[in-house]
Each structure stands twice: as C-alpha cells, then as structure tokens.
Amino acid sequence: VHCNLAKASEAAPAVRAGAEGCGLLRTEFLFLERTHAPTVVEQYDAYQVIATALGDRPLTIRTLDAGGDKPLGYVALPREENPALGLRGIRTSLHLPALLADQLRAILRVEPAGQCRILLPMVNDLDEVRAVRAHLVAEAAACGRPVPALGIMIETPAAALMIDRLVEEIDFVSIGSNDLSQYVLAMDRLHPVLAARLDARHPAVLRLVERVVQVCAARPIPVAVCG
C-alpha cells in the first residue's frame with residue numbers, strides 16, 4: 001500500500017503509518033497560488049526531502065496537473081466553460097514545454113537515481129506519451145542520469161480503451177478511479193446533486209478497469225489504483 005502525498009511534510013508521517021512508498025505525489029503544491037513558476041532548484045529541494053523521508057521506498061512523482069479548475073497565476077491560459085474537458089494534466093504540460101522541462105530536470109536530480117518514477121496525468125493518446133518520453137530521454141542524457149520509469153494515469157475512457165497501444169511506451173499504470181468514473185458516467189464529481197451518484201463500482205467503470213488489468217497483466221506491467 002502506497003500513500004498519496006500533496007506536500008513534503010506528509011512523507012514522514014506516511015512512512016510512520018506504514019506506507020510502502022508514494023504512489024502519487026501531487027506536485028501542484030509547488031506551482032499553484034503563487035506569482036511565478038518554481039525554479040528547478042526549488043522543485044528539486046522539495047522532491048529530495050520527500051525521497052529522503054521515504055528511505056529506500058519508491059517515489060512516484062506525477063507531473064503537473066494544472067489548468068482548467070486549477071489555474072496558474074503566472075501563465076496566460078484560455079478561459080474555459082468546462083474545465084474538466086479543457087487544458088489540464090498532460091495537455092497543459094505539452095502546451096507549456098518549458099515548465100515540463102524544468103520539472104523533469106528537477107526529478108532527474110533526486111538521489112538516489114532510480115528511486116523516482118514519473119506519472120503522467122490525463123493521458124489520451126500514444127503521441128502524448130512519446131512526446132514526454134522524448135523530453136525525458138533528452139533531459140536525462142543532458143545531465144548524465146538514467147531514464148526513470150514512466151507511467152500513465154488511466155483517467156479517461158480513451159486511455160482505458162487504448163491501453164493495448166499505450167503499453168508500448170510505458171512501464172506502469174495507475175488507474176484514477178475518481179476521474180475515470182466521472183468521464184465514463186458523464187457526471188461532474190463536484191456537482192452538488194450528481195456527485196453522490198458517482199460510483200467507481202458501476203459496471204461500465206469496472207469493465208474498463210478489467211480491460212486495463214488484463215492487458216497490463218499480459219505484458220506484465222504493474223497496475224495501481226488511486227482514488
């Protein structure tokens with residue numbers, strides 16, 4: 001059982017509570033509610049504190065999941081009528097490649113090499129994964145570091161249905177059951193009336209989960225559930 005972390009100070013208490021690693025570090029705490037982007041050094045310092053607190057346990061760092069309902073005050077992003085279907089997750093990172101490059105550089109500096117894994121949010125297409133992997137390989141070569149394991153979150157029906165193609169470029173999978181349920185059932189999980197009806201055990205959701213698990217088990221590629 002791995003923990004979800006939303007800030008550096010949560011790592012040590014999670015370990016004391018028995019966490020066997022971090023399955024998802026929400027890096028938004030470094031990017032939101034500020035007037036400028038965090039530097040590579042600032043990001044590295046935070047990631048290294050967490051990695052050290054985890055000891056020899058794995059640290060899975062999710063790339064920035066901002067945009068939409070989580071705006072960046074220092075970046076001009078378009079106004080969106082429906083943030084859940086807008087510029088967020090991996091779409092934002094590829095739209096702002098300088099931010100992505102800095103985040104990858106910071107992650108690659110963390111010691112020991114190999115402790116960190118990189119997790120991409122809101123992936124739909126193989127081209128998105130290939131684009132990030134190209135960035136990652138280039139940054140790793142530039143700093144003389146090994147390329148870390150690269151995984152994706154399964155949060156959209158497209159990702160679940162295309163998992164047989166996506167596994168060509170990834171090392172692990174995390175199923176984001178909250179968002180997956182939202183998109184499969186077409187119900188906003190923050191809606192004051194509908195949120196209570198959102199069910200991650202709905203047969204339609206479970207069929208997609210089953211497909212992901214079956215395809216990944218045949219590779220084999222590890223699958224986790226976050227939600």
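Data for the structure
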quantity	calculated
Top-ranked residue in the stretch 106-134 [being open to solvent by 40 Å² or more (accessible area, probe 1.4 Å) and more than 17 Å from A149 (Cβ to Cβ); ranked as farthest from the chain's Cα centre (by Cα)]	D127
Odd one out for A196, checked against (1) of a type outside the set (S, T, Y); (2) part of a helix (DSSP H, G or I); (3) at pLDDT 95 or above	(3)
The stretch 84-96 - residue that is assigned to a helix (DSSP H, G or I) and either modelled with pLDDT of 95 or more or within 15 Å of the chain's Cα centre (by Cα) (or both) and, of those, surrounded by the fewest Cβ atoms within 10 Å (Cβ to Cβ)	L94
Qualifying residue in the stretch 137-144 (condition: closer than 21 Å to D65 by Cβ and of a type in the set (V, I, T))	no
Scope the stretch 46-73; condition assigned to a helix (DSSP H, G or I) and open to solvent by less than 10 Å² (accessible area, probe 1.4 Å); matching residues	Y47, I50, A51, L54
Neighbours by Cβ (under 6 Å, 6+ apart or cross-chain): first from the stretch 61-85, within 23 Å of R109 (Cβ to Cβ) and in contact (Cβ under 8 Å) with a residue 60 or more places away in the chain; second assigned to a loop (DSSP other than H, G, I, E, B) and open to solvent by less than 30 Å² (accessible area, probe 1.4 Å)	R62/P121
Inter-residue pairs, beta-carbon under 6 Å, first within 18 Å of N124 (Cβ to Cβ) and in the stretch 179-196, second of a type in the set (D, E) and open to solvent by 30 Å² or more (accessible area, probe 1.4 Å), 6+ apart	none
Residues satisfying the stated conditions in the stretch 139-158, i.e. open to solvent by less than 60 Å² (accessible area, probe 1.4 Å) and either β-branched (V, I, T) or in a helix (DSSP H, G or I) (or both)	E139, A140, I152, I154, T156, P157, A158
A224 being in contact with a His (Cβ under 8 Å, 6 or more places away or on another chain), within 30 Å of A113 (Cβ to Cβ) and either outside any strand (DSSP E or B) or at pLDDT 95 or above (or both)	yes
Neighbours by Cβ (under 9 Å, 6+ apart or cross-chain): first from the stretch 135-161, within 23 Å of A113 (Cα to Cα) and in contact (Cβ under 8 Å) with a residue 60 or more places away in the chain; second open to solvent by 10 Å² or more (accessible area, probe 1.4 Å) and small (G, A, S)	G151/A224
Filtered residue count, the stretch 1-31, keeping only those that are in a loop (DSSP other than H, G, I, E, B), more than 16 Å from Q43 (Cβ to Cβ) and under 18 Å from the mean Cα position of the chain (by Cα)	3
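Condition check ((1) open to solvent by 40 Å² or more (accessible area, probe 1.4 Å); (2) of a type in the set (G, A, S)) across all residues:
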| position | (1), (2) |
| --- | --- |
| M162 | yes, no |
| R165 | yes, no |
| F172 | no, no |
| N178 | yes, no |
| A195 | no, yes |
| L206 | yes, no |
| E210 | yes, no |
| P220 | yes, no |
| C226 | no, no |
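The values are calculated or read from the model by the stated rules, or taken from the named source; none is laboratory data. Everything quoted here is computed from the prediction, not taken from an experiment. Here the Cβ is made from the backbone with ideal geometry for all residues, glycine too, and neighbour counts use every protein chain on show. Note: accessible area is taken over every heavy atom of the protein model, side chains too, but ligands, DNA and RNA are not part of it. Shrake-Rupley method; radii C 1.70, N 1.55, O 1.52, S 1.80 Å.
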